1. Go through segment 923-967 and count every residue that is within 18 Å of Ser51 (Cα to Cα) and hydroxyl-bearing (Ser, Thr, Tyr).
2. Buried (at least 17 other Cβ atoms within 10 Å of the Cβ), touching a residue at least 40 places away in the same chain (Cβ under 8 Å) and either at negative phi or among the basic types (Lys, Arg) (or both): is that true of Leu215 in this structure?
3. Identify, from the list Asn1042, Asn989, the residue that is modelled with pLDDT under 90, on the phi < 0 side of the Ramachandran plot and loosely packed, with under 15 Cβ neighbours inside 10 Å.
4. Go through (1) surrounded by 21 or more Cβ atoms within 10 Å (Cβ to Cβ); (2) touching a Cys at 6+ places or on another chain (Cβ under 9 Å) one by one and return the number of the condition Thr180 breaks.
5. Could you tell me whether any residue of segment 999-1007 is free of Cβ contacts under 8 Å to residues at least 24 places away in the same chain and not assigned by TED's automatic domain parsing to the domain that holds Ser349?
6. I'd like the full set of residues that are touching a Phe, Trp or Tyr at 6+ places or on another chain (Cβ under 8 Å) and surrounded by fewer than 20 Cβ atoms within 10 Å (Cβ to Cβ), limited to segment 1084-1097.
7. Would you please name the residue that is farthest from Gly207 (Cα to Cα), looking only at residues in segment 158-170 that are hydrophobic (A, V, I, L, M, F, W, C) and touching a Lys or Arg at 6+ places or on another chain (Cβ under 9 Å)?
8. Does Thr114 qualify as being among the polar types (S, T, N, Q), in the same structural domain as Asp56 (by TED's automatic domain parsing) and more than 19 Å from Leu329 (Cβ to Cβ)?
Amino acid sequence: MDLGASAATNNNNNAGVLAVIPSPLTTLSDDLKAERLLIGSEVEALRQLHSNITDDFDNLARITWISRHKQLIFDRLLNSDPTVAPENCCQWFTRLEEAAFVDAHKRLGYHYATFVAIFDILRNAPRSVAEILNTAEQLPDSEEIAWFVYSVIYGSCVFPRDERYVLDLMAHLIDMQMATPSVADPRRVLRRGNVAFCRIYKLFTEGLLPSKVFLTAALHDPIMFLLSQDELYLDIDPAKSAYHFSAEERRRRFGEDETSFSYQLKLADHRQTIVKKLKILAQKFIDGILSAMSCFPSSLSWLVRHLHTVLLERKCVSRGEAALICIDLIFTNFLCPALANPEVLGIISDTPVGFIARFNLMQIGQILQTLALSPYEQPPGHLADFYDQFDKASMSSIVSAILEAEIISLDDIIPNAVIDPTRAEIFERRVYLCSIHQTNVMKASLIQSNLSGITNSDIRERLKAHVTRLPEGRFDAILMSSANSSGEGSPIRSEGSPSNSSRRLKMFAGKVKNVAARGHQRLLNSSLSRNSMNKISEELEKISVEEDASVSFDIPELEVLVFESESALSADEPLGLLSEDKFMEAFGNKRHRKLNDSSTEKKTRFLTVTTESIVSDRTTDAASDCDDEDGADVAGSICSSLDEAEVLQNNNIEDSPQDIADEEDISTLPDDNLSDGLSARGSPSESGRDTPFSGAGLANDQNDDDGMNVSSVVGGEESVNPRVSIPSIPVTVRRANAAEGLEEKFGKFGIPSQQENRARYRDETHSLVSDSWSTDVVASDNEGPNTEAVNPGASVAPVNVCPSSAPSNALPNVATAQFSITRSFVDTKRKLRLVLSSVGKPQFSTSSSKKSDSSEATELNDFLKLLLAESINARDKTLCAQIREVLRCLAAFDSKSILRLLRSLKDELRKRTSYILYMQQSKLTLLQLRSHLQRAVNRIEREQSLTSECLVDVLVRFYLQKREVNVKQFVLEFQTAKAQDEKSELVANALSSLRSGTDPIWKYASLERMRYAELSLERSLIANVYISALYPNGDADIYRDNVFFTSLQKLASVITPDHHELRIPKRLRGECPWPSAQSEIGIINAYKSAKDKMACVARCCETIQNLIVISQPRGVANADDIIPVLVYVLIQANPPALLSNMQYITGFHAGRMEGEEAYCWTLFTSAIEFMKTLLHKHF
């Protein structure tokens, strides 16, 4: 077939000369293609984001569960719990890291839905949970019940909603366990810490991120300053200060005779030294806490104020006693524990805290607590002179400021983290994670006696109904029976959650007890062998530990059940993936309600007008019903784009007689207004006639051309018929000032002149619809809900105008014809959009043969034939079929209809920009959500790493205690050694000997923990000989350091960044005096091992290098730039014992330096040598 000849023949029927294909058509095709590509890209990105977010939610839930249980194991080790010993801690951690997360329905069967329902009820009812905890205080496992509530029901408060719930829970526990007449001394209850409120409060403060931020801001710098001081016990009690030394050390310091005058004089001097140091240290802690009060957690402030208010309102205690209880809540239960153990909370990370330093931290905590209580309780008399040196109102003012603050709601204290366009929180927990043992804990907590204490009858009855559905006995036997009967293998959850539909089916199946379920229940209740029951893992169940068999711990593999929350299953469409139709329809409904609220008076006028006023009122009010008569385009945000869509749909552009291509001059009447006008003359049902809006064959709830829901109204009352999803057909009436008649634009449908036939419109028996029925179709294709008007008159058989005496069956035929035309128009528009959006702009320029006055129909026909030829050449069978189908559909339309078809595509394209912006803003929201999730994951992983490091430090302490003889021998040999090489060899040999031991403590330790154990072992070992290693020449080294320190102080007063000997370039002085670098090198004495000291030096040099890079355009820092700045930083920071530290690093770590570390060390030593030169010149 000669396609070129065929195309020329067809074009000759409609055109004659060659002309370039008009640009508007190709532009439309290119725009539709671009829109399709953009929407496809956005949809793919949104789906990938949702997939990543689902994985992040699952990952966050898993690592949170693992991290919290690691903290539980660590706490039990410190508290000498029989379930945990040094020999099995690493195995516990390994089992937690390898835990299998299993979909709970695979283990619990139809009991799955019961558990989910119980979890959801408890989570949303904090008061009922508080009542259960209060009643469960009499149970032996009340502590585990509190842990279950915090970690399982409220997910360890990772999400804002759970944090609000836990605060509400603690508020109710205060009412039940603190501010009640049955409690004689609430302060004693708080100090004992054996009630549910104290347990939940401890867990809450230890896991709350704002608490850790506040504690770090308040305590980090003072703690690092304390660790940098000399290794000396700072005991407040003067009677005990001398006894921290050994007998030999006491004789060396104070003398032989303890009763001699010289001994007492030296002891008094030592006491004054301790008091002086304690005062300096305590004042630094006071200043740090006061300066960080702006970071104090608002949730804790709210809880303290609530406690104080409730105690006073119920008159349980006096005002002073209430203040004391609040002080205990803040200092005794929050600040002081963090001060004594700062490593676990991340206040300090890479700095080990030795025995002496921890003792001194406890002394500081005691001072702070005494100062806080001083307005109500006087300090001991023998310490009065010491506390008189402080401002006694400094610490008590903290509590006073918290109590005097205004009480605000929990929603204001804990705002939503990430919200969607509807202002709803989307950073929400989706799953509950629960071990097998914890399911039994839950069952134990929901016994009849505990449930009877719930005051809310509805919650009580619902919980009772669910609890009765649970089987008898422990769930370990039940799960084994279920696993054996199902024949399932390892159900480890490896690819996230199942789809929402399968989850709903799962939930539904769990709620239905069919015959198979009853048979399964009989199987679950059957007897099990003891051997099979012993195989089930109860990871937290207490086990007895025998001292002689501590090595033979055998912890089974752990299995964690994953429950999908009911709220997560009931979620709507994923954010950003709302279909085009639903999005535009939803906005149309919103816009319709908005217009209804703003134009009630106008709609009332339409409901009461006569048939004559239907035309006249619409003509005069057209401008008021439209947003802009000129139809100006609006651009901007998604909201403005949505408004643009509405404006464009309501605009009435007056056509010009000289240019038929202009917009049709029509006014579109909403369906309900037309029906109201008809009912004013007489209901169509009463006259025996049906109209397209009287309910015959059409929906009663449709969308008008504004995208609004419009209900058809008959006789002034709304129809209650259900919605039918069909295209909307707005009725249009010609403007009174139009220049031409309707026949030209609407085919054979005629309408009499308004001036000549006004009397006929007043006739009650004359049908407006039958005599002057014209239809502009506004509909949406499958890809977009927007509607456009079309003139179907050219493709409809002639309809004779008849008087009101026409047969009653004539009008339904017209309605059917109009509906068929509408369907054809919508179908053709959808197919044409599909074709044009598939091809876009042609890949080459061409021309078609046509006359200069040919219509858009010919141009479109030629363009499609060109695309058809191109697709045939490319063997694109799918596109060929689509183009041929479009050509077939277009054959039924005249040129005017095709013109309106193209304009409809253009208008819909313009309106759909709001949908693209909706997806882009949804993507932004999802990106924010994912960023929030990743931050939460990083934070939990950091906490998990801190817990592992703290565990290894404690295990190293246990390990060295077992080898105390070897450690003492090493200390003795080190102190007697003279040469530096000999000391270095002793340290290396001791470390090698301790590493080679096969102690059961390290049997299950991972490679990462073993590496950190070596580092911790080196730190602990060198701490025993630190003074001897730092000052190998004793007092001579100390005196040298003091002289150097004093000289640097004098030099710092005269050296400035622009000093000619430093030669710091002007371009590098913008960050002067480089305080971050000074702070890094200023804490070098807080580290005891040579490796840690070298890391401190490297951080100082890296900080200077980074500051230099950002201060100059070229962004490169060389040694000539770094050394002058480093010299100035060292002079200004002036850390004590700087020369001894350099000597110490050289002796114990120089042989292990390489790469960047060696480069930094070269810079550091060069800077110190230059400082010596400066001192020699100036002093």
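1. Within segment 923-967, the first condition is being within 18 Å of Ser51 (Cα to Cα), and the residues that meet it are 923-937.
Keeping just the survivors that are hydroxyl-bearing (Ser, Thr, Tyr) gives 925, 931.
Going through segment 923-967 one residue at a time, the tally reaches 2.
2. yes
3. Asn989
4. Thr180 satisfies every listed condition except (1).
5. So the first thing to find is which residues in segment 999-1007 are free of Cβ contacts under 8 Å to residues at least 24 places away in the same chain, and the list is 1007.
Adding the requirement that they be not assigned by TED's automatic domain parsing to the domain that holds Ser349 leaves 1007.
Checked against the condition, which is being free of Cβ contacts under 8 Å to residues at least 24 places away in the same chain and not assigned by TED's automatic domain parsing to the domain that holds Ser349, segment 999-1007 yields at least one hit.
6. The one that is touching a Phe, Trp or Tyr at 6+ places or on another chain (Cβ under 8 Å) and surrounded by fewer than 20 Cβ atoms within 10 Å (Cβ to Cβ): Ala1095.
7. Taking segment 158-170 and keeping what is hydrophobic (A, V, I, L, M, F, W, C), we get 158-159, 166-167, 169-170.
Keeping just the survivors that are touching a Lys or Arg at 6+ places or on another chain (Cβ under 9 Å) gives 158-159, 169.
Working: Val158: 8, Phe159: 12, Leu169: 16 Å.
Of everything passing the filter in segment 158-170, Leu169 is farthest from Gly207 (Cα to Cα).
8. yes
The values are calculated or read from the model by the stated rules, or taken from the named source; none is laboratory data. All of these numbers come straight from a predicted model, not from anything done at the bench. Neighbour counts are summed over all protein chains in view; Cβ atoms, including those assigned to glycine, are modelled from backbone coordinates with ideal geometry.
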